[in-house]
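**Q** Got a structure for you, written out below as structure tokens; questions coming shortly.
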Number of protein chains: 2
Amino acid sequence: MIVVLNRLSIALSGKRKFMREISVDLGKKSYPIFIGEDLLANTSWLESLIASQQVMIVTNTTIEQLYLAQLKQSISKFKPAVTIIPDGESFKTLGVMNKIITGLLESKFSRDSYLIALGGGVVGDMTGFAAACYQRGISYIQIPTTLLAQVDSSVGGKTAVNHELGKNMIGAFHQPAAVISDTDVLKTLPDRELIAGLAEVIKYGLIRDSEFFFWLETNMEKLLERDADALTHVIERSCINKAEVVAQDEKESGLRAILNLGHSFGHAIETAKNYNDWLHGEAVATGMLMAADLSCRLGWLDKESVDRVRSLLERAALPVRLPTGIEPARMRELMSIDKKAKQGKLFLILLKGIGQSIVTSEFETEPLKETLSCFPSVATGDK
Amino acid sequence: MIVVLNRLSIALSGKRKFMREISVDLGKKSYPIFIGEDLLANTSWLESLIASQQVMIVTNTTIEQLYLAQLKQSISKFKPAVTIIPDGESFKTLGVMNKIITGLLESKFSRDSYLIALGGGVVGDMTGFAAACYQRGISYIQIPTTLLAQVDSSVGGKTAVNHELGKNMIGAFHQPAAVISDTDVLKTLPDRELIAGLAEVIKYGLIRDSEFFFWLETNMEKLLERDADALTHVIERSCINKAEVVAQDEKESGLRAILNLGHSFGHAIETAKNYNDWLHGEAVATGMLMAADLSCRLGWLDKESVDRVRSLLERAALPVRLPTGIEPARMRELMSIDKKAKQGKLFLILLKGIGQSIVTSEFETEPLKETLSCFPSVATGDK
């Protein structure tokens, strides 16, 4: 179902470069993920991916300084319009999304125009949602610039903005036309963001790929040193895992929910902290350890596996404790408005082993209370 | 493809009532349209249409006074939540849509909850869009309370809100779970709104049903007198026409665009008037006559047919002139951001005869200029 075309060879500035292509199989909505070096500089190849004369790049104030000029130059043939949005999760709102729509209308863009999301998860989610809604749906291309976005949010077609009462509560399933993961952009990524991305990478090992989890245990230091081959391997393996799950369950009616390991806990942390202080990946890291802790209390996962999870997260310098000041009852309340709740029941992704996950509402409430009340916490900023 | 089950017999308050059911065939997204008397009072039947314990009714301040108590009583089993929105096209905005989302979140509604749109096109479009976006998609039922909504906007799954630079520019294709057209609610509809609804009814005759157009020419007075049988016939015939088109082209990649006869002109009028003064159906009426006028100037439609269109619109007391104060160049500019524009080309729905329409960008520009500059205008309020 998934085709991996390893090591396509392309010409760039006289040099031969290599690129990997992963196909996400969704029938008419199928699309390719490209992973490689220097992709943003490859003019003729980039141009071939855009089937319109009306193109708008959406990026944020940080990425604008780093990669906008390069991208604009590479697709100068299209004279792309540009919309710059503020940088940060707190700007992932309907109001900012509406600014993208305004830009499209001011440029008189029609239903066959293209949006390009150049940025991390916030830019990608919001641009994707604008593309889903503008004139009831236009095409968009994801160019993720963070590890988190390259391994997770840019793949799978989930788009959304936040509501003050809940994260990603307003959105759509809208598949991109292509995802372009240029590994060179990771060179400018701050350490903390690289590390936050590793949380989602570790997630794939935990939910369905024990071999990959072992590989991460063996190679974590290489990743932290930003070894190019190690990063490429991690992006490829993560995207394949995600694409395989999405291809089986595009709209999260079942299997796809396993991709949310740690997210019910994590979203509650993020909402309680009002999307400040903690990055998404950091909240997910603590959330995954809480899911492992609960799985252990339920007798489904052995203590040794929980320790392996904690140890790998710690080696990645990811948080393994809750922020202080969130009462267990508040965590539980915030978890109940998670999108995975159904008819008042809380569904969680839990572990039956490293690489084995289940989605279930069939668990005793007492162990969940214990996890929420016994989990260690730390002061903000001292994760 | 379309099944019409005429005259289902249902028991209500000891009396036998009749109901018509039209199936809109869209594979997994198929849904029924019910047309009949006193449907809002039919508790057990209404309850059977809702597959959730979490139900929220969305209505506006006008309809709240008329039908909310009745509906709440009929589905009291579900203890429905209620969100009241202001009445009017100018409130069809992202901001008001967000209030519906806030209501859902405050009630902790999950992904399998139901929204019920009780109102005209504005309530239906906005509730449908909220349902499309909330947690990336929940179910909704349309209970249209205007003729316009019963014959047009409630059927077909187009949902949207307006942007200050264009009508319905932010939206989604999201099919309802069912449409319930209770003909009794038309008894309280103001004359002007009933008449506005007739514009879309006449449209079906013009685009694909010459026999129906002839029926309307024969029975217009009965409709204006609100003859129950005539209204029921009109709703049924309109819904069948719309359902047949939608079933062939759900997402408006081709054929479906014919449903927009008169709308490129009409939307331009509405945008120029900032959605005040003119009702949607009124703007569409003038727009359809402009499309007929242009078709005639292009040599595609004879003068006699244009006169038949004008005459039927006039007999329905619909406007056949432009509002004053809109320059031809401004009309042309507003038409260029219509959703049917592609790669800078303007696509229009034009007539080759009564009951024969085409979608085309292949027309000379001079006749369009003539239509825009020669079309008679009137002062606002004197349509």
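The values are calculated or read from the model by the stated rules, or taken from the named source; none is laboratory data. Keep in mind that what you see is a predicted model, and the values were worked out from it rather than measured. Quick reminder, even Gly has a Cβ in these numbers, built from the backbone with ideal geometry, and neighbours come from all protein chains shown.
**Q** Could you pull out the residue among B:Arg297, B:Arg315 that is surrounded by fewer than 19 Cβ atoms within 10 Å (Cβ to Cβ) and either of a type outside the set (Phe, Trp, Tyr) or within 14 Å of chain A (Cβ to nearest Cβ) (or both)?
**A** On the way: B:Arg297 fails: surrounded by fewer than 19 Cβ atoms within 10 Å (Cβ to Cβ).
After applying the criteria, what remains is B:Arg315.
**Q** Going through the stretch B:283-312 one residue at a time, which ones are under 20 Å from B:Glu164 (Cα atoms) and not small (Gly, Ala, Ser)?
**A** Initial filter on the stretch B:283-312 (under 20 Å from B:Glu164 (Cα atoms)): B:283-284.
Scanning the stretch B:283-312 gives a single hit, B:Val284.
**Q** Of all residues in the stretch A:134-143 being away from chain B (no Cβ under 14 Å) and touching a residue at least 40 places away in the same chain (Cβ under 8 Å), which is farthest from B:Cys133 (Cα to Cα)? Write out each step before concluding.
**A** To start, the set of residues in the stretch A:134-143 that are away from chain B (no Cβ under 14 Å) comprises A:140-143.
Checking which are touching a residue at least 40 places away in the same chain (Cβ under 8 Å) leaves us with A:141, A:143.
Details: A:Ile141: 21, A:Ile143: 24 Å.
In this case the residue turns out to be A:Ile143.
**Q** Something else about it: Evaluate the following for A:Ser139: is it touching a Leu at 6+ places or on another chain (Cβ under 8 Å) and surrounded by fewer than 24 Cβ atoms within 10 Å (Cβ to Cβ)? So that I can check it myself, show each step before the final result.
**A** On the way: touching a Leu at 6+ places or on another chain (Cβ under 8 Å): yes; surrounded by fewer than 24 Cβ atoms within 10 Å (Cβ to Cβ): yes.
For A:Ser139, the condition - touching a Leu at 6+ places or on another chain (Cβ under 8 Å) and surrounded by fewer than 24 Cβ atoms within 10 Å (Cβ to Cβ) - is met.
**Q** For residues that are among the basic types (Lys, Arg), over 17 Å from A:Tyr204 (Cα atoms) and at pLDDT below 95, tally how many sit in the stretch A:248-301.
**A** Taking the stretch A:248-301 and keeping what is among the basic types (Lys, Arg), we get A:251, A:256, A:273, A:297.
Imposing the further condition that a residue be over 17 Å from A:Tyr204 (Cα atoms) reduces the set to A:251, A:273, A:297.
This time we only want the ones that are at pLDDT below 95, so: A:251, A:273.
Of the residues in the stretch A:248-301, 2 are among the basic types (Lys, Arg), over 17 Å from A:Tyr204 (Cα atoms) and at pLDDT below 95.
**Q** Okay, next question. Going by what's in this entry, would A:Ser238 be described as more than 17 Å from A:Leu350 (Cα to Cα), among the small types (Gly, Ala, Ser), buried (at least 24 other Cβ atoms within 10 Å of the Cβ) and at pLDDT 95 or above?
**A** On the way: more than 17 Å from A:Leu350 (Cα to Cα): yes; among the small types (Gly, Ala, Ser): yes; buried (at least 24 other Cβ atoms within 10 Å of the Cβ): yes; at pLDDT 95 or above: yes.
Criteria met by A:Ser238.
**Q** Can you tell me how many residues within the stretch A:147-202 are over 22 Å from A:Phe34 (Cβ atoms), within 14 Å of chain B (Cβ to nearest Cβ) and out of contact with any Lys or Arg (no Cβ under 6 Å at 6 or more places or on another chain)?
**A** The qualifying residues number 9.
**Q** Then there's this: If you check A:Ile195, A:Ile202, which single one turns out to be crowded, with 24+ Cβ neighbours inside 10 Å, of a type in the set (A, V, I, L, M, F, W, C) and in contact (Cβ under 8 Å) with a residue 24 or more places away in the chain?
**A** Numbers: A:Ile195 fails: crowded, with 24+ Cβ neighbours inside 10 Å.
That would be A:Ile202, the only listed residue that is crowded, with 24+ Cβ neighbours inside 10 Å, of a type in the set (A, V, I, L, M, F, W, C) and in contact (Cβ under 8 Å) with a residue 24 or more places away in the chain.
**Q** If you go through the stretch B:359-377 one residue at a time, do you hit one that is closer than 24 Å to B:Ser153 by Cβ, at pLDDT 90 or above and assigned by TED's automatic domain parsing to the domain that holds B:Asp209? Before you say what the answer is, go through the steps one by one.
**A** Filtering the stretch B:359-377 down to residues closer than 24 Å to B:Ser153 by Cβ leaves B:359.
When the remaining residues are screened for being at pLDDT 90 or above, the result is B:359.
Retained after the next criterion (residues that are assigned by TED's automatic domain parsing to the domain that holds B:Asp209): B:359.
Among the residues of the stretch B:359-377, at least one is closer than 24 Å to B:Ser153 by Cβ, at pLDDT 90 or above and assigned by TED's automatic domain parsing to the domain that holds B:Asp209, which makes the answer yes.
**Q** For the stretch B:100-133, which positions are within 7 Å of another protein chain (Cβ to nearest Cβ) and not in a helix (DSSP H, G or I)?
**A** B:Lys108, B:Ser110, B:Arg111, B:Asp112, listed by residue number.
**Q** Mind telling me which of the residues A:Thr232, A:Thr218, A:Thr146 ends up being farther than 29 Å from B:Gly137 by Cβ, polar (S, T, N, Q) and under 17 Å from the mean Cα position of the chain (by Cα)?
**A** Values: A:Thr218 fails: under 17 Å from the mean Cα position of the chain (by Cα); A:Thr146 fails: farther than 29 Å from B:Gly137 by Cβ.
Just one listed residue meets the conditions, A:Thr232.
**Q** Return the residues of the stretch A:190-235 that are more than 20 Å from A:Gly355 (Cα to Cα) and not hydrophobic (A, V, I, L, M, F, W, C); say none if nothing qualifies.
**A** If the condition is that a residue be more than 20 Å from A:Gly355 (Cα to Cα) and not hydrophobic (A, V, I, L, M, F, W, C), then A:Pro190, A:Asp191, A:Arg192, A:Glu193, A:Glu221, A:Lys222, A:Glu225, A:Arg226, A:Asp227, A:Asp229, A:Thr232 are the ones that fit.
**Q** Kindly indicate the residue of the stretch A:67-81 that is of a type outside the set (D, E, K, R) and surrounded by fewer than 17 Cβ atoms within 10 Å (Cβ to Cβ) and also nearest to A:Lys108 (Cα to Cα) among those meeting that condition. Before you say what the answer is, go through the steps one by one.
**A** Residues of the stretch A:67-81 that are of a type outside the set (D, E, K, R), as a first pass: A:67-71, A:73-76, A:78, A:80-81.
Pick out the ones that are also surrounded by fewer than 17 Cβ atoms within 10 Å (Cβ to Cβ) and you get A:69-70, A:73, A:76.
On the way: A:Ala69: 23, A:Gln70: 25, A:Gln73: 22, A:Ser76: 19 Å.
Taking the candidates together, the pick is A:Ser76.
**Q** Determine the pairs where a residue that is without any contact (Cβ under 8 Å) to a residue 12 or more places away in the chain and in a helix (DSSP H, G or I), located within the stretch B:301-325, has a partner that is surrounded by 16 or more Cβ atoms within 10 Å (Cβ to Cβ) and not aromatic (Phe, Trp, Tyr) with Cβ atoms under 9 Å apart, the partner being 6 or more residues away or on another chain.
**A** What qualifies is B:Lys303/B:Cys296; B:Glu314/B:Val320.
**Q** Looking for whichever is on the phi < 0 side of the Ramachandran plot and touching an Asp or Glu at 6+ places or on another chain (Cβ under 8 Å) here; the options are B:Thr93, B:Thr146. Which one fits?
**A** Result of the check over B:Thr93, B:Thr146: B:Thr146.
**Q** Within the stretch A:123-136, track down each residue that is on the phi > 0 side of the Ramachandran plot and surrounded by 24 or more Cβ atoms within 10 Å (Cβ to Cβ). Explain how you work it out, then say what you get.
**A** Initially, the stretch A:123-136 is screened for residues on the phi > 0 side of the Ramachandran plot, giving A:135-136.
Hit for the stretch A:123-136 is A:Gln135, nothing else.
**Q** Could you please give the count of residues in the stretch A:134-152 that are over 20 Å from B:Gly166 (Cα atoms) and part of a strand (DSSP E or B)?
**A** Filtering the stretch A:134-152 for residues over 20 Å from B:Gly166 (Cα atoms) gives A:140-152.
Filter again for part of a strand (DSSP E or B), leaving A:140-144.
The qualifying residues number 5.
**Q** Kindly provide the set of residues from the stretch B:86-99 that are farther than 27 Å from B:Val151 by Cβ and more than 9 Å from chain A (Cβ to nearest Cβ), ordered by number.
**A** B:Lys99
**Q** Also, quick follow-up: Just give me the residues in the stretch A:46-61 being part of a helix (DSSP H, G or I) and either touching a Ser or Thr at 6+ places or on another chain (Cβ under 9 Å) or within 14 Å of chain B (Cβ to nearest Cβ) (or both), in sequence order. Walk me through it before giving the result.
**A** So in the stretch A:46-61, the residues part of a helix (DSSP H, G or I) come out as A:46-48, A:61.
Residues satisfying the conditions are A:Leu46, A:Glu47.
Per-residue answers, yes or no, for (1) charged (D, E, K, R); (2) assigned by TED's automatic domain parsing to the domain that holds A:Ser373; (3) surrounded by fewer than 23 Cβ atoms within 10 Å (Cβ to Cβ):
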site	(1), (2), (3)
A:Glu244	yes, yes, yes
A:Asp249	yes, yes, yes
A:Arg256	yes, yes, yes
A:His263	no, yes, no
A:Ala268	no, yes, no
A:Ala291	no, yes, no
A:Ser305	no, yes, yes
A:Val309	no, yes, no
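**Q** Look at B:Arg237 and say whether it is on the phi > 0 side of the Ramachandran plot and either without any contact (Cβ under 8 Å) to a residue 12 or more places away in the chain or not hydroxyl-bearing (Ser, Thr, Tyr) (or both). Talk me through it step by step, then tell me what you get.
**A** On the way: on the phi > 0 side of the Ramachandran plot: no; either without any contact (Cβ under 8 Å) to a residue 12 or more places away in the chain or not hydroxyl-bearing (Ser, Thr, Tyr) (or both): yes.
No, not satisfied.
**Q** Scan the stretch A:39-65 residue by residue and report those that are surrounded by fewer than 16 Cβ atoms within 10 Å (Cβ to Cβ) and in contact with a helix residue (DSSP H, G or I) (Cβ under 8 Å, 6 or more places away or on another chain).
**A** The answer is A:Thr43, A:Glu47, A:Gln53.
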